[in-house]
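The values are calculated or read from the model by the stated rules, or taken from the named source; none is laboratory data. These numbers were taken from a predicted model, which means no experiment stands behind them. Positions of Cβ are generated from backbone atoms using ideal geometry, with glycine treated the same way; all protein chains shown enter the neighbour counts. To get the accessible areas, we keep the full protein, side chains included, count just its heavy atoms, and leave off ligands, DNA and RNA. Shrake-Rupley method; radii C 1.70, N 1.55, O 1.52, S 1.80 Å.
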Amino acid sequence: MNTTANQIAKIISTPNPSAPITTHALAELGNGSMQNGLRRIVSYFAAESASNLRLGRIQGGLVGVIGTAAVAGGIAFIYHEAQKKQLETEGKIILNTLQKSANKNTVIVEETPSDDVTEESDTDNNTPSEK
């Protein structure tokens, strides 16, 4: 409830209120009818309550959305970190296996000179030929 509603509720709920003051206030609010004055007060509190309910639902919805996003983000982060660790572990296993094999079976690859190919133009058909 807002401050005005709190003040109204405090005045209405005072113990042992004076009857002439209460009836006069209700009649004034209801344009001469105490019943209409009481309806006016009840309508005000119903509208105030509905307004706070809407605001509470909006706030609750926002908190829910933000909370869900935070939890989902945390789960996604943990999942990606686990995938990264698993990939790193797999890479280390592959690297260690290849290094062991390379150390056991050292193969020396020698470069062989390639055949020299030169291009010469043939005067008859202008095509390159090999020597």
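Of note:
- Close pairs from the range 32-53: first more than 23 Å from THR3 (Cβ to Cβ) and free of Cβ contacts under 8 Å to residues at least 12 places away in the same chain, partner open to solvent by less than 60 Å² (accessible area, probe 1.4 Å) and hydroxyl-bearing (Ser, Thr, Tyr), Cβ under 8 Å, at least 6 apart: MET34/THR23
- Restricting ALA5, ALA50 to those that are modelled with pLDDT under 80, part of a helix (DSSP H, G or I) and in contact with an Asp or Glu (Cβ under 9 Å, 6 or more places away or on another chain) reduces the list to ALA5.
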